[in-house]
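*Asks:* One structure follows; several queries about it will come next.
The values are calculated or read from the model by the stated rules, or taken from the named source; none is laboratory data. This is a predicted model, so every value here is computed, not measured. Cβ placement follows ideal geometry from the backbone for every residue including glycine, while neighbour counts extend to all protein chains displayed.
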Amino acid sequence: MNPPLTTVWNGEAESAPIIGSSGAAGGHTAGVAGLVMPLVPPMPTQPRQHAPHALHQGDRVWQETNCYVDLWIELLHGFGLDPRAAFAFTVTQDFEGDQFTFFKFPLEDLDRLYGTQVQELAIYDSLEDRVLAQTQRNHTVLVEVDGYYLPNTRATSYRREHPKTTIGVDFIDPDARRLGYFHNTGYHRLDGEDYDGVFRKLPQFAHQPDLLFPYVEFAKQARPALEGTALADASAELLCAHLARRPLRNPVTQWRAAFPAHLDRLLARGEAYFHPYSFNLMRQLGANFEFLSKYLLWLNAQGFNIPASIPAAAQTIASEAMVMQFRLVRAIARGRRDRCDDCFDVLEAAYDDTITPLAALVL
C-alpha cells in the first residue's frame, strides 16, 4: 500500500483520511468543535463593503479565471469562509475535445465543507421579485445576465458586447433601481438604466414576449461550516475522492494531438476567434492548475506533508499556459504556423509531475 498523506497536529503525525473501497472516508471525524456558523448579517439595507479575498490579490499569473469560480471565491469570502479549502476538485480537469473542462466548484463539496446549499430558484412571474424575496432571507441569488449592463466590465464588454455571465446578487432596492452583486474578482454596484437592462425592463424588451427567463439559483447557509482541523481533514478526504476520478490520460497530450486542426482554424479565422479559444483552453488550463497549486500550499499550511515539487509543477502549468497564449497570439497576428512544441513539452511534463506523485501520495 502506498503511504498515506500525513498531517502533523501538535507535533504528532497522523494519517489523513483515506477513501476505502466502499467509498467511505476514514480518519478524523468532525465534532461540534469543528463547526462554525458563517456570518449571517441582518437583511441588507445597503450594498456591502467588501475587500477581495487573498486569492484575488497579490502575484498571480491568471488574474481572472472564469466568472463562476471567481464569483464563488468572493461569495464564500463574503460569508466569512475560506474558499481555499474547496479546490480539491481541480485535479479532475480534462481535455474535452474543443476545450478544457470549465472548472467549477462541485456543489456537494460546498455543502460538505461549508454547509452552503445551492438550489434552483423558480422564476414564475418576475425575476426582480424573486431576487427581492431571496435577498430578504439573506440568500444570494446566482443569475446569468447580459454583461453589456455590468459597469464593472468597462474594460471588456460594458456597453460594447453581450456576453452571458453569472453574478451573485445579495442586495436589491427596486424603488431606487439599485443592485449590489458579486462578479468576477470583486463586489460591485449598478443602478438606473443598467438595473433595467439586467432585469429586462428596458423598452426594447417589451417587444420580445418570447424571451425565456434565465437559469437562476440561490445560495444559503443551511448548516454550520467546518473550521480548523475538521475543515482541513474534510478537504483532504475530498482530494482523495477527486484523485480517484482524475483523467486516465494526460489531458495536455490529448490537446497536443488535436492542436494541428485547432491551429488551422485559428489561422483561418484570425484574432477574433483566438480570444474565445484562448479563454477556453489556455486560461482554463492555466488558471485551474494555479488554483491547484494554491490549494496544495494551503494543505501544507494545515500540516499536511506534500512535497514542494508538486505545487511547483502545478504552478509551472499556469505559467507555461500564459507563455503559450502570448506566443500563439503573435503567431496568429503574423499568419505564422507555430505548433508550440516546446510549450507542449513543458506542459505535458508538468502535468505528470503534478498529478502522478500526488495520486501516489494519497491513494
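*Asks:* Given the conditions (1) in a loop (DSSP other than H, G, I, E, B); (2) buried (at least 18 other Cβ atoms within 10 Å of the Cβ); (3) without any contact (Cβ under 8 Å) to a residue 24 or more places away in the chain, report the number of the one that Tyr277 does not fulfil.
*Replies:* Result: Tyr277 passes all but (1).
*Asks:* Could you pull out the residue among Phe326, Phe304, Phe344 that is aromatic (Phe, Trp, Tyr) and closer than 18 Å to Ala86 by Cα?
*Replies:* The conditions single out Phe304.
*Asks:* Being modelled with pLDDT of 95 or more, surrounded by 21 or more Cβ atoms within 10 Å (Cβ to Cβ) and under 16 Å from the mean Cα position of the chain (by Cα), is that true of even one residue in region 118-131?
*Replies:* No: region 118-131 contains no residue that is modelled with pLDDT of 95 or more, surrounded by 21 or more Cβ atoms within 10 Å (Cβ to Cβ) and under 16 Å from the mean Cα position of the chain (by Cα).
*Asks:* Something else: Look through region 53-67, keep the residues that are at pLDDT 85 or above and surrounded by 16 or more Cβ atoms within 10 Å (Cβ to Cβ), and return whichever of them is nearest to Leu190 (Cα to Cα).
*Replies:* Cys67
*Asks:* Using the structure shown, decide if Leu121 is out of contact with any His (no Cβ under 8 Å at 6 or more places or on another chain), among the aliphatic types (A, V, I, L, M) and without any contact (Cβ under 8 Å) to a residue 40 or more places away in the chain.
*Replies:* no
*Asks:* Among the residues of region 172-225, what is the count of those that are in contact with a helix residue (DSSP H, G or I) (Cβ under 7 Å, 6 or more places away or on another chain), exposed (fewer than 14 other Cβ atoms within 10 Å of the Cβ) and among the hydroxyl-bearing types (Ser, Thr, Tyr)?
*Replies:* Total satisfying the criteria: 0.
For every residue, the table says whether it meets (1) out of contact with any Leu (no Cβ under 8 Å at 6 or more places or on another chain); (2) under 27 Å from Asn250 (Cα atoms).
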{"position": "Gly58", "(1), (2)": "yes, no"}
{"position": "Gln63", "(1), (2)": "yes, yes"}
{"position": "Asn66", "(1), (2)": "yes, yes"}
{"position": "Val69", "(1), (2)": "yes, yes"}
{"position": "Glu74", "(1), (2)": "yes, no"}
{"position": "Gly80", "(1), (2)": "no, no"}
{"position": "Ala88", "(1), (2)": "no, yes"}
{"position": "Glu96", "(1), (2)": "yes, yes"}
{"position": "Lys104", "(1), (2)": "yes, yes"}
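*Asks:* Another question, then. Can you confirm whether region 228-244 contains a residue that is surrounded by fewer than 18 Cβ atoms within 10 Å (Cβ to Cβ), within 15 Å of Arg84 (Cβ to Cβ) and touching a residue at least 12 places away in the same chain (Cβ under 8 Å)?
*Replies:* Yes; the residues of region 228-244 include at least one that is surrounded by fewer than 18 Cβ atoms within 10 Å (Cβ to Cβ), within 15 Å of Arg84 (Cβ to Cβ) and touching a residue at least 12 places away in the same chain (Cβ under 8 Å).
*Asks:* Sticking with this one: Go through the residues of region 339-359 one by one and say whether even a single one is at pLDDT 95 or above, among the basic types (Lys, Arg), assigned to a loop (DSSP other than H, G, I, E, B) and within 21 Å of Thr253 (Cα to Cα).
*Replies:* Yes, region 339-359 has at least one match.
So that you can scan it fast, the table gives a plain yes or no per residue for (1) modelled with pLDDT of 95 or more; (2) out of contact with any Phe, Trp or Tyr (no Cβ under 6 Å at 6 or more places or on another chain); (3) assigned to a loop (DSSP other than H, G, I, E, B):
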site: Glu161; (1), (2), (3): no, yes, yes
site: Ile172; (1), (2), (3): yes, yes, no
site: Asp194; (1), (2), (3): yes, no, no
site: Asp233; (1), (2), (3): yes, yes, no
site: Pro247; (1), (2), (3): yes, yes, yes
